[in-house]
Amino acid sequence: MSYSAFMSQTVSPYITARRTVRELVMRDGNNLYGESYSAENARGTVFILHGFTENAAKYSEVIYRFLCENFCVFIYEQRGHGRSYRAVADKTLTHIDRFEEYVEDFETVLEQAADMPKPYFLFSHSMGGAVSALFMEKHPGVFGKAVMSSPMIAPTHGNMPLFIPKLICRFCILTGRKRKRIFIAPKYPGKEDFDTSCATCEEKFAYYEEIKRNCEDFHNYSPTYGWLLQSLCVTKKILKKGAPERIDAPVLIFSAELDNAVLNDKQKEFADRLKNCRLEFIKGVKHELFLSPDEVTEPYFNQITDFFKA
């Protein structure tokens, strides 16, 4: 069976039957789009924090995997993404004024998801990993266990010292371009290229790429100067003295060998400072581990669910 057939014939009907759409009202009055999924004989609930430019639809297989292991699931589209509130009208742009807004939103989401079965588990990817790190440092004890897949402890910044892109962003913000597309980022092309993508399996990439192309709400593609500066500054916040040490939940971190979106060495630095952490280094794959070939994703998903169940 092809991946497309598996998703359309097996995954989609299964998760759709268990989905409830949630309208989540944030502290500033803006709405975020969310979904909850019910599982039989629930072991608890897995909260999913997606990555930069992503949406809930991209996590359909991830959701399916958790449901099949009797975990309920709660996922929402972070502000500036998908069907959630946007500070800019251009749906190809992703913007945030303060990275802490993502953390504050997650706090509010958890308040509005109080009906979900406990214990709570956390699965995060990339930008979502940065949000989860900041949240767990601020609120230890909320999650029983956490998985961070290619977490954005630090984004890549080319072959230049960090202060240079920060300086460029600050200059552009001072000159009124905070919510404008960064100059090196192209507009959404309508059809993305697998070779320059963060996926390692072309079939899985193509399946999601078609979904994204056909839904305008999913056309997030480029950062604004405001978002980029916030992402470049998040590392110092995550790794500040005493912060990672406050996380009390066991953590499983996956690091991708061919990652060109985030820095592996900062993931290790973060992992080394946690009280209880296992770092898995996956060879031969790019940033989006869940869009890797089956020989990678099968043990990847098994490790995650076994970790949550142990």
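Take the conditions (1) of a type in the set (Asp, Glu); (2) at pLDDT below 95; (3) not in a loop (DSSP other than H, G, I, E, B); Glu23 misses just one of them, which is (2). A count restricted to the range 89-129 and to residues that are buried (at least 17 other Cβ atoms within 10 Å of the Cβ) and under 22 Å from Arg181 (Cα atoms) stands at 13.
Let's see how each residue does on (1) acidic (Asp, Glu); (2) surrounded by 21 or more Cβ atoms within 10 Å (Cβ to Cβ); (3) part of a helix (DSSP H, G or I):
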| residue | (1), (2), (3) |
| --- | --- |
| Lys187 | no, no, no |
| Pro223 | no, yes, no |
| Leu228 | no, yes, yes |
| Ser255 | no, yes, no |
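With respect to the stated conditions, Arg213 fails to be touching a Leu at 6+ places or on another chain (Cβ under 8 Å) and surrounded by 14 or more Cβ atoms within 10 Å (Cβ to Cβ). When Ser2 is tested against (1) hydroxyl-bearing (Ser, Thr, Tyr); (2) surrounded by fewer than 17 Cβ atoms within 10 Å (Cβ to Cβ); (3) without any contact (Cβ under 8 Å) to a residue 60 or more places away in the chain, exactly one condition is not met: (3).
Just one of the listed residues (Arg98, Arg65) is out of contact with any His (no Cβ under 9 Å at 6 or more places or on another chain) and closer than 23 Å to Phe290 by Cβ, namely Arg65. Anything in the range 160-177 that is in a loop (DSSP other than H, G, I, E, B) and in contact (Cβ under 8 Å) with a residue 60 or more places away in the chain? List them, or say none. Passing the criteria: only Leu162.
Of everything listed in (1) surrounded by fewer than 19 Cβ atoms within 10 Å (Cβ to Cβ); (2) of a type outside the set (Val, Ile, Thr); (3) more than 16 Å from the chain's Cα centre (by Cα); (4) assigned to a loop (DSSP other than H, G, I, E, B), the single unmet condition for Ala249 is (1).
Within the range 23-51, restricting attention to residues that are touching a residue at least 24 places away in the same chain (Cβ under 8 Å) and out of contact with any Phe, Trp or Tyr (no Cβ under 8 Å at 6 or more places or on another chain), the residue that is farthest from Ala185 (Cα to Cα) is Asn41. Looking only at the range 265-299, which residues are over 24 Å from Lys240 (Cα atoms) and buried (at least 20 other Cβ atoms within 10 Å of the Cβ)? Selection gives Ile282, Val285, Lys286, His287, Glu288, Leu289, Phe290, Leu291, Ser292, Thr297. A residue that is within 15 Å of the chain's Cα centre (by Cα), part of a strand (DSSP E or B), over 27 Å from Leu263 (Cβ atoms) and in contact (Cβ under 8 Å) with a residue 40 or more places away in the chain can be found somewhere in the range 66-85. Could you tell me whether the range 98-110 includes any residue that is part of a loop (DSSP other than H, G, I, E, B), touching a residue at least 60 places away in the same chain (Cβ under 8 Å) and within 30 Å of Leu229 (Cβ to Cβ)? So far as the range 98-110 goes, yes, one or more of its residues are part of a loop (DSSP other than H, G, I, E, B), touching a residue at least 60 places away in the same chain (Cβ under 8 Å) and within 30 Å of Leu229 (Cβ to Cβ).
Quick check on Lys236: is it in a helix (DSSP H, G or I) and over 21 Å from Ser149 (Cβ atoms)? Considered against the rule, which asks whether it is in a helix (DSSP H, G or I) and over 21 Å from Ser149 (Cβ atoms), Lys236 comes out as yes.
Would you call Asn30 more than 19 Å from the chain's Cα centre (by Cα), closer than 27 Å to Leu229 by Cβ and surrounded by 13 or more Cβ atoms within 10 Å (Cβ to Cβ)? Yes, satisfied.
I'm told Thr200 meets every condition in (1) assigned to a loop (DSSP other than H, G, I, E, B); (2) at negative phi; (3) over 20 Å from the mean Cα position of the chain (by Cα) except one. Can you identify the failing condition by its number? Looking at each condition in turn, Thr200 falls short on (3). The number of residues in the range 163-192 being modelled with pLDDT under 95 and at negative phi comes to 9.
The values are calculated or read from the model by the stated rules, or taken from the named source; none is laboratory data. Keep in mind the model is a prediction, meaning the values are calculated, not measured. Cβ sites come from the backbone with ideal geometry, for glycine too, and all protein chains shown count toward neighbours.
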